[in-house]
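Inspection log for the structure reproduced underneath, given as structure tokens.
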């Protein structure tokens with residue numbers, strides 16, 4: 001009882017502090033809960049990507065829904081992270097709270113295919129999704145991977161366009177950015193090259209030219225590229241928190257000394273390292289959406305393999321002495337405008 005009261009008091013104090021802070025710096029927004037979102041089907045929400053639904057005037061979040069409730073004691077059996085379907089959650093309050101909507105209807109492959117980590121952009125009146133596909137359900141990590149391109153006018157009905165051809169059959173985790181020239185650039189993890197982050201360019205999102213390695217100081221995955229505060233930023237899941245790089249030209253990257261979200265937080269459900277993120281730039285504010293495992297104090301002894309269960313979180317990014325910092329222990333006031 002004392003522990004529960006202490007947690008409730010800390011949450012109330014945190015909310016009060018966040019409101020005072022927000023008033024002090026005049027930051028608008030609604031207080032986001034922790035966790036931000038839990039998947040009601042398998043409780044394995046991960047790898048979020050956000051997109052603004054222009055016709056419905058609300059934010060949609062597509063995420064990998066790992067089958068956490070099917071995890072087993074068999075060593076190295078990762079069947080439960082295969083045969084997954086992409087979940088969809090919707091926010092009607094500018095990205096602060098989210099409601100489960102269902103599964104993305106992806107017209108590709110067989111029933112046992114695996115869907116991971118999409119990225120979605122809006123261009124020329126259509127939504128373009130780039131989605132990681134594993135052609136089957138596997139017990140280990142030794143399987144082909146590919147990235148496919150789909151298109152939709154409403155975020156609900158998708159049409160297969162093409163397969164990303166960059167010369168490797170082991171690619172995952174696409175991240176897209178349109179450069180000032182109009183050229184599209186995509187970053188992805190190439191498992192055939194020591195899990196380094198590679199990139200390719202396209203004039204039309206269909207025909208791609210592989211450009212080689214973007215960063216190779218370590219293996220990582222889940223690249224995310226955005227521009228903020230006069231720099232380009234590249235965030236990756238380095239498995240020890242999120243690696244951060246910055247660049248002036250999208251070609252030459254400098255690594256930041258400290259990883260983001262590498263130190264477990266102090267708030268319930270956010271007390272493990274952060275993984276695979278999306279970043280939304282909203283004027284002079286930037287929000288990072290990421291996932292965490294439910295471990296240690298957050299593990300539920302009544303649930304088998306509780307640490308396999310994952311939840312989504314949000315924090316505001318800050319710039320301190322030229323370095324990115326995620327304010328994960330602060331209550332987050334979210335206010336996403338149309339994007």
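Since every read-out is calculated from the coordinates, none of them should be taken as a lab result. Remember, it's a predicted structure, so these values are computed and weren't measured experimentally. Virtual Cβ from ideal backbone geometry, glycine too; neighbours counted across all protein chains shown.
Relative contact order for the chain using alpha-carbon pairs under 8 Å, separation at least 6, rounded to a whole percent?
Worked out over the chain, it gives 17 percent.
Taking neighbour Cβ counts within 10 Å as the exposure measure, how do 160, 291 sort from fewest upward?
Sorted ascending by nearby Cβ count, the order is 160, 291.
May I ask what percent, to the nearest 5, of DSSP beta bridges between residues of the chain are antiparallel?
95
In percent, how large is the relative contact order of the range 121-179, given Cα pairs closer than 8 Å and 6 or more residues apart?
33
Test of understanding: ordering 309, 275 by Cβ neighbours within 10 Å, fewest first, what list do you get?
With the fewest neighbours first, 309, 275 line up as 275, 309.
Quote the FRET efficiency, to the nearest 0.05, computed for residue 213 versus residue 165 with a Förster distance R0 of 22 Å and r equal to the Cβ-Cβ distance.
In this case the efficiency is close to 0.80.
How do 156, 251, 221 rank when sorted from fewest to most other Cβ atoms within 10 Å of their own Cβ? Please list the in-between numbers first.
Details: 156 14, 251 10, 221 21.
Fewest-to-most Cβ neighbours within 10 Å comes out as 251, 156, 221.
Can you give the relative contact order of the range 207-263 as a percent, counting alpha carbon pairs under 8 Å and 6+ residues apart? Display every interim value, and only then the final one.
Values: 86 pairs, mean separation 14.2, N = 57.
Rounded, it is 25 percent for the range 207-263.
What span do the alpha-carbon atoms of the range 2-334 cover on each of the three principal axes, reported in whole Å from largest to smallest?
Sorted largest first, the three principal extents are 57, 48, 42 Å.
Can you give me the C-alpha center-to-center distance between the range 121-142 and the range 277-317, rounded to a whole angstrom?
Answer, in whole Å: 21.
So, by mean Cβ neighbours within 10 angstrom, what's the order for 114-126, 97-109 with the highest one leading?
Working: 114-126: 18.1, 97-109: 15.9.
Final packing ranking: 114-126, 97-109.
Given axes a ≥ b ≥ c from the Cα gyration tensor, I'd like to know whether the range 62-196 is rounded (a/c under 1.5), prolate (a/b larger than b/c) or oblate.
Note, shape of the range 62-196 comes out oblate.
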